[in-house]
Amino acid sequence: VQLQASRGGLVQAGGSLKLSCAASGRTSSTDVMGWFRQAPGKDREFVAGITWSDSRTYYADSVKGRFTVSGDNVKNTVYLQMNSLKPEDTAVYYCAEDLGPLLSDYWRLYDYWGQGTLVTVSS
């Protein structure tokens, strides 16, 4: 499986940004996709996840109500819509795939990773 994330960017606090992650070579029908982020000097943390099969979603408390994860099974692409961005959302964002079927927030369970994309939120 190969994952290709879209480019991040610089956005002002309160603004919005949408990331995408295109997956190729998927073979599992129970796989799940997760978004993670890692800020400088901090551990990698879970942001949001979605199951391919039935689009169940799961969010970290820090982004609940601001971020939305969605998927397009035809395009094999997962999206992360980020609204009301805060400076503390600044990080390198990664998409990742786990063969499933459990939707986990533990990054070590994910098997495949995209290249990471930097999102910077200015105050």
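Residues of the stretch 16-40 that are modelled with pLDDT of 95 or more, open to solvent by 20 Å² or more (accessible area, probe 1.4 Å) and not polar (S, T, N, Q): 17, 18, 22, 39. Within 20 Å of residue 16 (Cα to Cα) and surrounded by fewer than 13 Cβ atoms within 10 Å (Cβ to Cβ), is that true of residue 64? Spelling it out, residue 64 is indeed within 20 Å of residue 16 (Cα to Cα) and surrounded by fewer than 13 Cβ atoms within 10 Å (Cβ to Cβ).
Just one of (1) within 14 Å of the chain's Cα centre (by Cα); (2) under 22 Å from residue 2 (Cβ atoms); (3) open to solvent by 20 Å² or more (accessible area, probe 1.4 Å); (4) not β-branched (Val, Ile, Thr) fails for residue 105. It is (2). The set of residues in the stretch 1-32 being under 21 Å from residue 74 (Cα atoms) and in a loop (DSSP other than H, G, I, E, B) consists of 1, 6, 25, 26, 27, 28, 29, 30, 31. In this structure, does residue 84 turn out to be open to solvent by 60 Å² or more (accessible area, probe 1.4 Å) and either farther than 17 Å from residue 108 by Cα or in contact (Cβ under 8 Å) with a residue 40 or more places away in the chain (or both)? So residue 84 passes the test.
The values are calculated or read from the model by the stated rules, or taken from the named source; none is laboratory data. Being a predicted model, the structure only gives us computed values, none of them experimental. Quick reminder, even Gly has a Cβ in these numbers, built from the backbone with ideal geometry, and neighbours come from all protein chains shown. Keep in mind that these areas ignore ligands, DNA and RNA; they rest on the heavy atoms of the full protein, side chains included. Shrake-Rupley method; radii C 1.70, N 1.55, O 1.52, S 1.80 Å.
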